[in-house]
Structure formats: structure tokens, C-alpha cells
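The values are calculated or read from the model by the stated rules, or taken from the named source; none is laboratory data. Since the model is a prediction, treat every value here as computed from it, not as a measurement. Here the Cβ positions follow ideal geometry from the backbone for every residue, glycine too, while neighbour counts run over all protein chains shown.
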Amino acid sequence: MVAPLAMLGLSLAANVVEGIAGSISDSAKAASKAQTRKTAEDFETMFLEQSLDRLTQETGEEGPLGNNGEGGGIYKSMLAKEYAKSVSKTGGVGIADQVYAQMLKMQESAGHVGGS
């Protein structure tokens, strides 16, 4: 009678170990997906920052955004960066979603992240 109980105990232990391994694997996949999402959002922010910086380059030489020797160029760069962050935080323009989807496809095909 001890042998069947020992076998039952071993079976339960194996199930617990499988469950723990599965939850670790699931949390690793979730962490990988979260990192991938952050990377996609960072890319969108960088893209918006570069685009907005280009738009503000031709604002002229006078005023607070002008390159009039008063640090206007630095202010324009900082302003573009903050505008980009703001746009990204409020949903962005959809670039992050597309980049994220493509990154997941690439990772899944390479076997780095399991399916949803």
C-alpha cells in the first residue's frame, strides 16, 4: 500500500513542477511581450520626435523658437521631444501597433515568444 501512495505523491509532485514550469514560461512570455510593446512604443516616440523636430526647423530666426542665439534650437528640440511623448501616451498615431505586431511575428517565427 505504500508503493501506490508513493507513486501518487510522485505524480502529484510532477504535476506541481509542470505547473510551476508552465507559469514561469508564461510569465517569461508575458515579460517578453511587454518588452516588445515598450520597444515598439519607444520607436513610435522616436519617429514622432524626429518628424516634429523637422517641422519646427523652419520656424524662422525670431521669437522663442528661433535660432537667435538665445538657445532657441535647444528649446525647439526639447519641445519636439515632449510633444512626441505626449502624442505617444495618448494613443500615438498607430505606428507602435504595427511595429509591435511585426515584432511579435518575427519573434514567434524565430521561436522566442509563444502564441497568444
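Condition check for Ala84 on (1) within 15 Å of the chain's Cα centre (by Cα); (2) modelled with pLDDT of 65 or more; (3) hydrophobic (A, V, I, L, M, F, W, C): one failure, at (1). With respect to Tyr100, determine if the residue is surrounded by 15 or more Cβ atoms within 10 Å (Cβ to Cβ), among the aromatic types (Phe, Trp, Tyr) and at pLDDT below 85. Against the criterion (surrounded by 15 or more Cβ atoms within 10 Å (Cβ to Cβ), among the aromatic types (Phe, Trp, Tyr) and at pLDDT below 85), Tyr100 does not qualify. The set of residues in region 31-46 that are under 12 Å from the mean Cα position of the chain (by Cα) and among the aliphatic types (A, V, I, L, M) comprises Ala31, Ala34, Ala40.
I'm trying to understand the selection: among the residues of region 26-74, which are modelled with pLDDT of 65 or more, not small (Gly, Ala, Ser) and not in a helix (DSSP H, G or I)?
We begin by selecting, within region 26-74, every residue modelled with pLDDT of 65 or more; these are 26-58, 71-74.
Restricting the remaining residues to those that are not small (Gly, Ala, Ser) gives 26, 29, 33, 35-39, 41-50, 52-58, 74.
Scanning region 26-74 gives Gln57, Glu58.
Of the residues making up region 103-116, those that are at pLDDT below 80 and surrounded by fewer than 15 Cβ atoms within 10 Å (Cβ to Cβ) are Gly111, His112, Gly114, Gly115, Ser116.
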